[in-house]
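**Student:** One structure coming up, written as structure tokens, with questions to follow.
Derivation of every value follows stated rules applied to the coordinates shown; laboratory data play no part. Everything numeric here is computed off the predicted structure, so don't read it as measured data. Heads up, the Cβs are rebuilt from the backbone with ideal geometry, glycines too, and the neighbour counts pull from every protein chain shown.
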Amino acid sequence: DSYERRFYVDDEEVTLTLYDIWDQADPGEWMQESCLQTGDAFLVVFSVTDRRSFTRVPPTLLRLRAGSPRTDPPIILVGNKSDLARSREVSREEGRSLAVMMNCKHIETSAALHHNTEELFEGVVRQIRLRRCRREGDPLSREGAVGRRESITKKAKRFLSSLVPRNGRFFKQRSKSCNDLSVL
């Protein structure tokens, strides 16, 4: 499935194309690999009313980080069906904690009520722009090196080192912005 939407973010028209390929019965390995190689950002969506969908998130996040040629692709953890409070199995705090631990953004939405969907789409575009600006402003950026890709070993070391606390400030620094899609 694919979904395309044109809208304005910060007075600039953008076209956002979403591909829903991960939970299909058999999307084909080539389709997932193609999206990993060409995707500008990734949304990992789980249902707050289905704990099983939430337990599949960490392996998916690890695969995205390992498979993307970018060193720091924008990844947003999306808790959907937030309108179904009585059926909730995954708390907002669990979603936030996982986002902090996995170094990604977090937002809760309700596709049925269109709650936070605009914020999500605008946030995706802003995350892409912020990372592009950071890369272009950094001449030593790994992604700026022509024809060079970071090895899977280096990616894993960098990712794991980002999980290790530095002077006990890890969670304090990250938790402030995991819900703000307009900052890195």
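**Student:** What residues have an amide H closer than 5 Å to that of His115, excluding those fewer than 5 places away on the same chain, when H is modeled at 1.01 Å from N in the peptide plane?
**Tutor:** Ser110
**Student:** In nm, to one decimal, how far is the Arg6 label point from the Ala111 one, both placed 7 Å along Cα→Cβ?
**Tutor:** Once both label points are built, they end up 2.4 nm from each other.
**Student:** 5 Å is the cut-off here: which amide hydrogens, built 1.01 Å from N in the peptide plane, fall below it relative to Val45, excluding neighbours closer than 5 in sequence?
**Tutor:** Val78
**Student:** Another one. Which order results if Phe121, Phe7 are arranged by neighbouring Cβ count within 10 Å, fewest first?
**Tutor:** Values: Phe121 18, Phe7 12.
So the ranking, lowest neighbour count to highest, is Phe7, Phe121.
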